[in-house]
Amino acid sequence: MIHEIPMIIDPTCDRPWSDKLPFEAPDYICATSLNTADFFSPRTCHGDSGSGMEQIDERGRSMLLAMTSFGTKGCPANELARFTRVSHYLRPICAYTGICYSQEE
């Protein structure tokens, strides 16, 4: 089943005091639900690891930006979700698999 979850990237990883995960990692993208007050809207949760964060470019193509790395148990709408930035690992992916992409493709 595919779910589309509208989220907003938080470049500062502004997080609640209880969140002890690292936030200044070069391979992280932090994001949160567009509507943090709506606890019934879909969002990234504990157990979603490995699912993709995509962006549609100006030509209508989907581009994989990141993979879900961490979501909070209970799925609170106001918590950050952490994603691993795919572009950070393009060289190792190419080296190990022989499948090579550039960020411009």
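Relative to the current alpha-carbon distance between Ile8 and Glu58, full extension at 0.36 nm per residue lengthens the span by 16.2 nm. The mean sequence distance of close C-alpha pairs (under 8 Å, at least 6 residues apart), as a share of the length of segment 31-75, puts its relative contact order at 40 percent.
Segment Glu24..Thr36, full-extension length gain: 2.1 nm, with 0.36 nm per residue of separation and the alpha-carbon distance subtracted.
Bear in mind these aren't lab numbers, they're just calculated from the coordinates by the rules spelled out. Keep in mind it's a predicted model, so treat the numbers as computed, not measured.
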